[in-house]
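Before any comments, here is the structure.
The values are calculated or read from the model by the stated rules, or taken from the named source; none is laboratory data. Note that the structure is a prediction, hence the values are computed from the model and not measured. Cβ placement follows ideal geometry from the backbone for every residue including glycine, while neighbour counts extend to all protein chains displayed.
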Amino acid sequence: MSADYYTLLEVGRDASETEITRAYRRMAMRYHPDRNPAPDAAENFKKVTEAWEVLRDPNKRSVYDRLGHDGLKVGRGAGGPGFSGFGSFGDAFEVFMREFGGAGGVFSEGFGQPRRARAGKNIEVSVKVTLEEAAEGARRQQKIRAVRACDTCAGTGSEPGTGTVTCRACRGAGQVRTAHRTALGSFVQVGPCRDCGGKGARLESECAGCEGEGRVRRTDTVSFDLPPGVSSDDYLRIRGRGEAGFRGGPVGDLIVRVEVEPHDRFERDGDDLISDLCVTFSQAALGADVVVPTIHGEAELSVPAGIQSGQALRMRGEGMPRLRREGRGDQAVRVHVWTPKDLDGQQRELLESLAQVEDQPPEGRPVGEASFWDRVKSAFTG
Ligand SMILES: [Zn+2]
Ligand SMILES: [Zn+2]
């Protein structure tokens, strides 16, 4: 339950803007942690600053007068007069400094907190693989230019064989107190030491390789494995292979986007593959055992007697490996009856004999035949 803003600032509900600002100054002086050692001073400083942020703004104040705290929450994120309070003391302090200090940004790293170690950035690369590589899995070696831990100093920033010395600027405390003049008088502000970044120690001698940064930008050859079954929708996140962290922060990740190149023989549908097979008229009529190429070699396929052109046959387990699972998808083979063009004498004779005894074909689509894509589908599901 939030306290009433007018009560917090100790003003009446009809207080003028000038009265409210004056009241806030008084309260800010009272609760500023540099002047008030009480453990709840920072929290109270935050509360009065929050009250002031609302009451100084005529729009927010009128919403607050009519609807209270809940009214201010309604407009949140919708560009209205919403206000949800400060997340941290640092936010409130920034408001205070903006209004009375005129030195915005000086403390943007947070009040009294040493600068944090930062995680290294992620590196994103895309790799092209053939369908065969996607089926078998592939090892890739890629040249990547990125910020890496310095080899010379192993990321410490310190010239090998040298250590650290106490920071002179903060005498090893890691913090410095700075007097800051504001409209309300001088404040003493405690912040991280800029010379040593809050560590209290400096390198005795900076590494020549990275000028003490601990990191260098360079081109490395990075190798990684693409597991069998990857497809163009996939990306791999390889933990700890991204950019080096800063001041001991964790290493980022390497994100590999996969692009599987189109294949001239196979179409891919998830874990299934689709290919084409031409058979002769007699093979279609009599049936035949044929050998068809698969993504990992070849396989025997029994073409049943009486197959129609365009019908699809399924070969179980001859498709792509399932990514990080057992088993493989299927391969669907679309059968096309091939009609010969240049007949020699004997072929012509035999076909002419056949023509005298063969039946008439049906009109339109062969009886009982579904459309082509229905047949491909039923080859997978049937
Ligand atoms: Zn220092
Ligand atoms: Zn170095």
Filter result for I295 (under 17 Å from E132 (Cβ atoms) and hydrophobic (A, V, I, L, M, F, W, C)): yes
Testing G200 on (1) within 16 Å of ligand 2 (Cβ to nearest atom); (2) surrounded by 15 or more Cβ atoms within 10 Å (Cβ to Cβ), one condition comes back false. Which one is that? (1)
For a quick check of your reading of the model, give me the residue pairs whose first member lies in the range 293-305 and is on the phi > 0 side of the Ramachandran plot, whose second is of a type in the set (S, T, N, Q) and surrounded by 10 or more Cβ atoms within 10 Å (Cβ to Cβ), with beta-carbon atoms closer than 8 Å and at least 6 apart or on different chains. none
Answer with yes or no whether G240 is on the phi > 0 side of the Ramachandran plot and assigned to a loop (DSSP other than H, G, I, E, B). yes
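Out of all the residues in the range 203-237, which are under 30 Å from D272 (Cβ atoms) and either within 16 Å of ligand 2 (Cβ to nearest atom) or part of a loop (DSSP other than H, G, I, E, B) (or both)?
P227, P228, G229, V230, S231, S232, D233, D234
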Of G157, G191, G198, which residue is more than 30 Å from A28 (Cα to Cα), within 16 Å of ligand 1 (Cβ to nearest atom), small (G, A, S) and under 36 Å from the mean Cα position of the chain (by Cα)? G157
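In the list R177, R218, R194, R202, which residue meets the criterion of being at negative phi, in contact with a strand residue (DSSP E or B) (Cβ under 9 Å, 6 or more places away or on another chain) and free of Cβ contacts under 8 Å to residues at least 24 places away in the same chain?
R177
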Pair list, Cβ < 7 Å and 6+ apart or interchain, from the range 154-166 residues that are touching a residue at least 12 places away in the same chain (Cβ under 8 Å) and part of a strand (DSSP E or B) to residues that are among the basic types (K, R) and away from ligand 2 (no atom under 13 Å from the Cβ): T164/R202; V165/R202
All but one of (1) buried (at least 16 other Cβ atoms within 10 Å of the Cβ); (2) more than 14 Å from ligand 2 (Cβ to nearest atom); (3) assigned to a loop (DSSP other than H, G, I, E, B) hold for R171, so report the exception by its number. (1)
Among the residues of the range 174-193, count how many are part of a loop (DSSP other than H, G, I, E, B) and out of contact with any helix residue (DSSP H, G or I) (no Cβ under 8 Å at 6 or more places or on another chain). 2
The helices (runs of 4 or more DSSP H) lying entirely within the range 1-89 that contain at least 1 residues which are modelled with pLDDT of 80 or more and over 24 Å from T182 (Cβ atoms) are 5-9, 58-74
